[in-house]
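Novice: I'd like to ask some things about the structure below.
The values are calculated or read from the model by the stated rules, or taken from the named source; none is laboratory data. This structure is a prediction, so every number in the text was calculated from the model and none was measured. Here the Cβ is made from the backbone with ideal geometry for all residues, glycine too, and neighbour counts use every protein chain on show.
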Amino acid sequence: MSLLEITRGESPLVLGLPHTGTDLPDDIAERLNETGNTLADTDWHIHRLYSGLGANVTSVRTTIHRYAIDVNRDPSGTSLYPGQNTTGLCPLTDFDGQAIYRAGAEPDAEEVERRRLAYHAPYHAALEAELERVREKHGFAILYDCHSIRSQIPFLFEGRLPDFNIGTNHGMTCAASIQRVVYEICSTANGYSSILNGRFKGGWTTRHYGRPAEGLHAIQMELAQATYMQEAPPWTYDAMRAERLRVHLTTILETLIRWRPE
């Protein structure tokens, strides 16, 4: 089982792909219940959606499913959304609040730490190395963290999610001009809705690496899955919807590639 897929480019832009993997080690998969084994909370097809977009970008993808460990969670287990429903470092429920493990088969603290070392740490070591590589070359780096989620999940948020959900932790993780230009592209995309720092304000990855004063900029894009796929099983990629969306994603990535500090 290959843990990481890394593509190296020479532009300042690095794509993070933390939730597209569907691989599960056998010792974890056999302990999941029927709900868990559907892998419903995958960021389905996101690596395909972004494939080939933007010139000379770097990407770092883990093939491990988030049910083994969520590499976009604080490794300490601290919630980024206190008081709101969410899933943890090693999720015990799906996004609908349903248990994903067979009774008595949940990981204990020792196993959570083992998984952190085996899967969480290597992903972030690779991501940090690529960000440092391009920052050394350009004097700055931009992390664009790629995500998607079902557009309606009552357990996590009310109503229907906008199509483009941009997270910068209220502007703290990137230069103001990066936030502004990405939001402008999304808000003027015909036929799509958008929001800045709504339900999704940037996960641990965005908040951890986003240090604009040090030349490290990070922004999260959470797409509503209805924009490019069927949201019900078997979660089929919709090529026509995807191609319409890819036009705007291309504009975002190419704009970020051209961006320079003021």
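Novice: Given GLU110, GLU106, GLU132, which one is more than 24 Å from TRP44 (Cα to Cα), assigned to a loop (DSSP other than H, G, I, E, B), at pLDDT 95 or above and among the acidic types (Asp, Glu)? Steps first, answer last, please.
Specialist: Working: GLU110 fails: assigned to a loop (DSSP other than H, G, I, E, B); GLU132 fails: assigned to a loop (DSSP other than H, G, I, E, B).
From the options GLU110, GLU106, GLU132, the qualifying one is GLU106.
To keep it simple, each residue is scored yes or no on (1) over 27 Å from HIS120 (Cα atoms); (2) in contact with a strand residue (DSSP E or B) (Cβ under 8 Å, 6 or more places away or on another chain).
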{"site": "ASN165", "(1), (2)": "no, yes"}
{"site": "VAL181", "(1), (2)": "yes, no"}
{"site": "ALA189", "(1), (2)": "yes, yes"}
{"site": "GLY198", "(1), (2)": "no, yes"}
{"site": "GLY202", "(1), (2)": "no, yes"}
{"site": "THR206", "(1), (2)": "no, yes"}
{"site": "PRO212", "(1), (2)": "no, no"}
{"site": "LEU216", "(1), (2)": "no, yes"}
{"site": "ILE219", "(1), (2)": "no, yes"}
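Novice: Would you say HIS170 is within 27 Å of SER76 (Cα to Cα) and either modelled with pLDDT of 95 or more or surrounded by 16 or more Cβ atoms within 10 Å (Cβ to Cβ) (or both)?
Specialist: Yes, satisfied.
Residue-by-condition table, conditions (1) more than 16 Å from the chain's Cα centre (by Cα); (2) more than 19 Å from GLU254 (Cα to Cα):
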| site | (1), (2) |
| --- | --- |
| ARG160 | yes, yes |
| ASN165 | no, no |
| ASN169 | no, yes |
| THR173 | no, yes |
| SER177 | yes, no |
| GLU184 | yes, no |
| ARG211 | yes, yes |
| GLU214 | yes, yes |
| MET221 | no, no |
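Novice: Taking the options ALA121, ALA176, ALA141, name whichever one is at pLDDT 95 or above and in contact with a His (Cβ under 9 Å, 6 or more places away or on another chain). Walk me through how you get there before you give the answer.
Specialist: Values: ALA121 fails: in contact with a His (Cβ under 9 Å, 6 or more places away or on another chain); ALA176 fails: in contact with a His (Cβ under 9 Å, 6 or more places away or on another chain).
After applying the criteria, what remains is ALA141.
Novice: Examine the range 236-250 for a residue that is touching a residue at least 60 places away in the same chain (Cβ under 8 Å) and assigned to a loop (DSSP other than H, G, I, E, B), and state whether such a residue exists.
Specialist: Scanning the range 236-250, I find no residue that is touching a residue at least 60 places away in the same chain (Cβ under 8 Å) and assigned to a loop (DSSP other than H, G, I, E, B), so the answer is no.
Novice: Six or more apart or on different chains, Cβ under 6 Å: which pairs go from a residue in the range 180-191 that's assigned to a helix (DSSP H, G or I) to one that's surrounded by 18 or more Cβ atoms within 10 Å (Cβ to Cβ) and of a type in the set (A, V, I, L, M)? Could you list them?
Specialist: From residues that are assigned to a helix (DSSP H, G or I), the pairs are VAL182/ILE166; VAL182/ILE252; TYR183/ILE166; TYR183/LEU196; ILE185/ILE252.
Novice: Which of the following residues is more than 20 Å from LEU13 (Cα to Cα) and surrounded by fewer than 22 Cβ atoms within 10 Å (Cβ to Cβ): PHE155, PHE140?
Specialist: Details: PHE140 fails: more than 20 Å from LEU13 (Cα to Cα).
PHE155 is the lone residue from the list that is more than 20 Å from LEU13 (Cα to Cα) and surrounded by fewer than 22 Cβ atoms within 10 Å (Cβ to Cβ).
Novice: Just to be sure, is LEU223 part of a strand (DSSP E or B) and not small (Gly, Ala, Ser)?
Specialist: Yes, satisfied.
Novice: Restricting attention to strands (runs of 3 or more DSSP E) lying wholly within the range 1-67, give those where 2 or more residues are touching a residue at least 24 places away in the same chain (Cβ under 8 Å), in contact with an Asp or Glu (Cβ under 9 Å, 6 or more places away or on another chain) and surrounded by 17 or more Cβ atoms within 10 Å (Cβ to Cβ). So that I can check it myself, show each step before the final result.
Specialist: On the way: elements: 4-7, 13-17, 58-62.
Fully inside the range 1-67 and qualifying: 13-17, 58-62.
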